[in-house]
Amino acid sequence: MVLPPAVVAEAQNLRAELERHNYQYYVLDRPLVSDAEFDRLFRRLQQLESDYPDLADADSPTQRVGGSPLPEFRQVTHRTAMLSLNNAFSEEEVAAFDRRVREGLELENVEYLAEPKFDGLAISLSYERGRFVQGATRGDGYSGEDVTPNLRTVKNVPLRLRGQAVPDLLEVRGEVLMYRRDFDALNERQRAKGEKEFVNPRNAAAGSLRQLDSRITASRPLRFFAYAVGAVEGADLPDSHSAVEDWLQNLGLPVCSERRVVHAVDGLMRFYRQMGERRSGLSYDIDGVVYKVNSLAAQRQLGYVSRAPRFAIAHKYPAEEANTEVLAIEVQVGRTGALTPVARLAPVFVGGVTVTNATLHNEDELRRKDVRIGDTVVVRRAPRMRWNSACPQPVRYAALPWSDCRTRPLRAAPAG
Ligand code: IVH
């Protein structure tokens, strides 16, 4: 059937319009229209595509809802390897990194780009002439799983790059994650449906991205942040990493606004401390910050050792989560008479301190979570927990069953 030109034009306009609204909403956080108006445009496009099947286009915004399940994931080879980062855990290790960089470059003072280390999962997005054609997990760094249909459902992943000067080929590297508030809402829904809750946003993001049925992925609120490029053809890269990230942002990709250009160990440590203070207030989990030598020429000069760059390092924060065993469950009586069950734990180092007890909130929560003596639990620092205002001495740690992907250890006899 020949497509009427007016229909083709209307579909094209709707697609451009819907992608613009997605961009405004999910990348810029500045919606231009109401949800109802967005839905109206979306349904009109769906209608046209169902009336005229020849309009089908993999990068239509209607494809963001997912499609038929795959039998398995295909393996794909990354054009350029996705490397890992070396870690630093102390100021001394950061100073040693900066010293190696200065010696390698024969410079007194080096400029770095500092940004959060997102606690999600690394992926690579490929764009050909501005169209999103493939998305893959990191895998072993050289090849990963083709999760293209799933990544199409991630609302802030552009299906087409913006602007006139799009490269012929672009591999974008970044992280898929789930905002904390979206994670809480997802768990709320899982609970209401009587389905398994996720232990943390990272597990929820990983589990959601690795679904053979992309409609399930579409129902999960995933987000993407770009932080580097792999292969690039048909464009001249700017000469610094910070400018590369600005360039990615101008192409319509979501880039985190927390990035800063800093100098020397002092600048790195100041950024680390400032992010550390703001960490619990961010919308997403981070497990450290990443420092990258800003000049791309200097990056090339420094090169790689084994599988990690010499020009970058991850400076980690103390873990906010750890596994431990429930030794006993006691009940605290609050000033107002409210009862709070508290788990006594085998001491565990988390969030920079040793934790020996954690709130189980209240009896309902205790029953729902079904935490028992002898269980292994995940202890998590407080930021995400709901406060029980009646709790006399706030217990700053919350315990969750450690049930994801591993078998539970044998239980001791239930508490009396
Ligand atoms: S840059 C050549 N920047 O950390 C450098 N990585 O342990 C490539 N990650 O696999 C990585 N946030 O998944 C970079 N802002 C960030 C990051 C980041 C998280 C992850 C990435 C990588 C892992 C390395």
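Just a few scattered comments:
- Among the protein heavy atoms of the chain, carbon and sulfur supply 48% of the accessible surface, probe 1.4 Å, non-protein parts ignored.
- VAL229 long-range amide H proximity, modeled H, under 5 Å: ARG173
- The relative contact order of segment 154-231, computed from alpha carbon pairs under 8 Å that lie at least 6 residues apart in sequence, is 54 percent.
- The mean sequence separation of alpha-carbon pairs under 8 Å and at least six residues apart, normalised by the residue count of segment 1-137, gives a relative contact order of 16 percent.
- If R0 equals 22 Å, the separation of the Cβ atoms of GLU277 and ARG100 corresponds to a calculated FRET efficiency of about 0.20.
- Amide hydrogen proximity for VAL147: with H placed 1.01 Å from N in the peptide plane, the residues at 5 or more positions away or on another chain lying under 5 Å are GLY135, ALA136, THR137.
- Once the Cβ-Cβ distance of ASN203 and ASN87 is raised to the sixth power relative to R0 = 30 Å, the FRET efficiency obtained is 0.90.
- Note on the chain: lysine pairs with Cα distance below 22 Å, sequence gap of 8 or more or different chains, count 6.
- Count Lys and Arg as plus one, Asp and Glu as minus one, and take only other residues whose Cβ is under 13 Å from that of GLY66; the net charge is then +4.
- Virtual spin-label span in nm between ASN250 and VAL7, 7 Å along Cα→Cβ: 4.0
- Backbone amide hydrogens, once placed in the peptide plane, bring LEU360 within less than 5 Å of VAL342, ALA343, excluding anything fewer than 5 places away on its chain.
- Relative contact order %, the chain, counting alpha carbon pairs below 8 Å whose residues are six or more apart: 16
- Sites ASP239 and ARG307, calculated FRET efficiency, Cβ-Cβ separation with R0 25 Å, nearest 0.05: 0.45
- For the peptides 33-41, 240-248, 364-372, residues were scored by their other Cβ atoms within 10 Å and the scores averaged per peptide; the highest-first order is 240-248, 364-372, 33-41.
- Sum of -39500 (n - 2.57) over DSSP H runs of 4+, divided by residues of the chain (222 nm, nearest 500): -9000 deg cm²/dmol
The values are calculated or read from the model by the stated rules, or taken from the named source; none is laboratory data. The structure presented is a predicted model; accordingly, all values stated were derived computationally and were not measured. Positions of Cβ are generated from backbone atoms using ideal geometry, with glycine treated the same way; all protein chains shown enter the neighbour counts. Protein only, heavy atoms only, side chains kept; ligands, DNA and RNA dropped before computing areas. Shrake-Rupley method; radii C 1.70, N 1.55, O 1.52, S 1.80 Å.
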